[in-house]
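Q: Before we start, here is the structure in question, set down as structure tokens.
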Amino acid sequence: MSKKTISPGGAIDGVAELPGDKSISHRYAILAALAEGRSEISNYASSADCASTLECLRRLGVAIESADRRVAITGAGLAGLKAPRKMLDAENSGSTMRMLAGVLAGQPFTSTLTGDDSLRRRPMRRVIEPLEQMGAQIASRDGGRAPLEIRGGPLRAIDYTPPAPSAQVKSAILLAGLYANGISTVRESVATRDHTELALREFGANVESTRGVIRIHPGPKLKARQLTVPGDLSGGVFLIGAALILPESSLMLHNVGLNPTRARVLDFLISLGASINIASVQLRDGELVGDIAVRHAPLTGGRVSGSQVAEMIDELPMLAALGPFTEKGIEIRDAQELRVKESDRIAALAAGLRQMGAKVEEFPDGMFVEGRSAGKLRGARVDPHGDHRIAMALAVAALGAEGDTTIRDADCAAVSFPEFFTTLARLRG
């Protein structure tokens with residue numbers, strides 16, 4: 001396990017191109033595998049999670065070439081996947097497991113999805129239930145945990161309202177809906193990220209979406225595409241957080257994904273007083289892309305709750321790390337989903353920030369991190385519990401501490417942003 005020592009101080013100054021968006025890369029790869037013809041995807045995410053998706057697709061008989069963030073996928077067509085000879089290993093990627101479960105539910109063979117220790121502890125019942133309603137037979141361990149043995153076959157259309165907001169569950173149903181006997185419907189009480197709907201349309205599927213009701217028509221002929229993945233805002237927010245903490249910082253991020261279902265975190269930061277400007281916005285392959293300019297500014301603090309949680313679920317660790325550098329602190333509520341991510345993110349963040357001297361009140365569904373009046377952070381030895389977003393959040397907090405901070409198992413950041421620490425060091429000169 002690698003350790004990384006973060007020294008405080010300095011400033012963020014420069015320009016960065018972010019690795020490809022993880023969420024979009026997963027979806028482009030899966031749909032390219034189901035399309036007819038050769039798709040080429042530029043700026044494919046460098047994350048370990050997205051590599052897991054490619055490896056699972058290879059085991060399903062899909063021809064894939066990859067080099068220098070460019071991926072070429074020769075699609076097998078909707079009916080062309082092959083029964084894998086061994087288990088499909090999603091490693092640490094919940095996105096891979098949940099979305100591929102939707103595809104595998106419609107296949108005329110049995111397959112098994114597994115993952116690493118962390119992923120096998122994460123609940124999959126929420127995706128199993130709608131897929132079983134559609135006709136798939138899914139065997140799991142411990143009442144809904146991986147490995148998942150999926151016996152696919154002809155599926156029936158459903159009209160489904162997820163009990164909790166989840167883009168991954170919605171995506172699994174929409175992908176399974178490609179194989180159903182009619183139009184499948186997902187009803188959302190809270191809007192979640194819509195990358196799957198946008199990507200389906202780009203590949204030629206018939207998707208209707210109005211006021212939280214999404215309908216997928218079955219049996220489309222998906223066509224190969226040439227696509228470019230936008231930069232990953234969910235990784236970029238950690239660099240933004242660093243620029244907001246360190247005085248005299250000035251950061252420019254180019255070609256970042258600005259999908260409205262993902263960019264709410266920028267609005268929230270601006271509401272705290274952050275100096276953030278967006279320019280050069282354009283629509284590319286169905287996704288909004290633009291440049292983000294950030295300058296250091298004092299932050300007031302605030303609260304994230306209700307529908308905001310689903311809109312900013314991946315950014316909440318970074319927001320919590322900003323808490324000690326705000327005037328009033330950061331409060332997060334209605335975010336019990338954080339308990340069942342790659343780690344218990346509420347507990348892991350609270351423990352790491354407390355090690356650094358922050359005052360943190362922990363709730364079943366969130367936390368309150370006190371602001372500047374609680375005193376400066378101090379360097380410490382912290383453990384991200386194998387969670388990429390916790391490692392990066394604690395690194396951001398360490399920039400404003402007194403003394404060095406050592407992050408145990410810092411390499412786990414590679415799950416989503418392998419270049420994070422080298423990019424951070426370059427921007428600090």
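Q: Give me the angle, in degrees from 0 to 90, between the Cα long axis of helix 345-355 and the longest principal axis of the Cα atoms of the chain, rounded to the nearest 10.
A: Once rounded, the angle reads 20 degrees.
Q: Please give, to one decimal in nm, the separation of the simple spin-label points placed at Lys359 and Lys221, each 7 Å out from Cα toward the Cβ.
A: Here the modelled spin labels are 6.7 nm apart.
Q: Now a separate question. May I ask for the percentage of alpha-carbon pairs in the range 22-228 that lie more than 21 Å from each other? Before the final figure, lay out each step's value.
A: Working: 9965 of 21321 pairs.
Beyond 21 Å sits 47 percent of the P(r) for the range 22-228.
Q: Could I ask something else about it? Kindly provide the trypsin sites (Lys or Arg not before Pro) of the range 1-71 that DSSP labels as loop, not H, G, I, E or B, and whose Cβ sees at most 14 other Cβ atoms within 10 Å.
A: On the way: sites: Lys3, Lys4, Lys22, Arg27, Arg38, Arg58, Arg59, Arg69, Arg70; in loops: Lys3, Arg69.
For trypsin sites (Lys or Arg not before Pro) across the range 1-71 that sit outside H, G, I, E and B with at most 14 neighbouring Cβ atoms in 10 Å, the list reads Lys3.
Q: Nearest 20 debye, what's the magnitude of the dipole of the chain about its Cα centre given +1 on Lys and Arg Cβ and -1 on Asp and Glu Cβ? Don't skip to the end; give the middle numbers.
A: Working: 51 positive and 49 negative charges, 145 e Å.
Value, rounded to 20: 700 debye.
Q: Provide Ile12, Ile278 in ascending order of the number of other Cβ atoms located within 10 Å of each residue's Cβ, fewest first.
A: Numbers: Ile12 25, Ile278 16.
Neighbour counts put them in this order, fewest first: Ile278, Ile12.
Q: Just how many % of Cα pairs in the range 303-429 lie over 19 Å apart, if you round to the nearest whole percent?
A: On the way: 3458 of 8001 pairs.
Percentage above 19 Å: 43.
Q: Also: Over the residues of the range 377-429, compute the C-alpha Rg and express it relative to 2.2 N^0.38 Å.
A: In units of the globular-protein estimate, the range 377-429 measures up at 1.07.
Q: Can you tell me the alpha carbon radius of gyration of the range 253-293 divided by the globular rule-of-thumb value 2.2 N^0.38 Å? Don't skip to the answer; put the middle values down first.
A: On the way: Rg = 10.3 Å, N = 41, 2.2 N^0.38 = 9.0 Å.
So the range 253-293 has a normalised radius of gyration of 1.14.
Q: Antiparallel as a % of all DSSP beta bridges within the range 22-228, to the nearest 5?
A: Working: 28 of 37 bridges.
In the range 22-228, DSSP labels about 75 percent of beta bridges as antiparallel.
Q: Using helices alone, what [θ] at 222 nm do you get for the chain, with -39,500 (n - 2.57) per DSSP H run of 4 or more residues, divided over all residues and rounded to the nearest 500? Mind dumping the intermediate values first?
A: Values: 14 runs with 131 residues, N = 429.
It comes out at -8500 deg cm²/dmol, rounded to the nearest 500.
Q: Under the 0.36 nm per residue contour assumption, what length would be gained going from the current alpha-carbon distance of Arg378 and Leu283 to full extension? Each step should come with its number before you reach the end.
A: Values: separation 95, 0.36 × 95 = 34.20 nm, distance 4.36 nm.
Difference between extended and current length: 29.8 nm.
Q: Here's a follow-up. For each of Glu311, Glu361, Glu337, count neighbouring Cβ atoms within 10 Å of the residue's Cβ, then give the residues from fewest to most. Walk me through the numbers on the way to the answer.
A: On the way: Glu311 23, Glu361 12, Glu337 17.
The order, fewest Cβ neighbours first, is Glu361, Glu337, Glu311.
Q: Taking just the C-alpha trace of the chain, give me its Rg and Dmax in Å.
A: Using the Cα atoms of the chain, the pair Rg, Dmax is 21.0, 62 Å.
Q: Need one number: nm distance between label points at Arg70 and Ala297, each 7 Å from Cα along Cα→Cβ, rounded to one decimal.
A: Distance between the two pseudo-spin positions: 3.9 nm.
Q: Separate question: Using alpha carbons only, how many angstrom separate the centre of the range 244-301 from the centre of the range 302-351?
A: So the two Cα centres are separated by 19 Å.
Q: Could you check which residue among Ala395, Ala11, Ala83 shows the biggest mean-square fluctuation in a GNM of the chain with a 10 Å Cα cutoff?
A: Ala83
Q: Radius of gyration and Dmax for the range 1-119's Cα atoms, expressed in Å?
A: Cα only, the range 1-119: 16.8, 58 Å (Rg, Dmax).
The numbers here are math on the coordinates, done by the rules we state, and not lab data. Remember, it's a predicted structure, so these values are computed and weren't measured experimentally. Cβ sites come from the backbone with ideal geometry, for glycine too, and all protein chains shown count toward neighbours.
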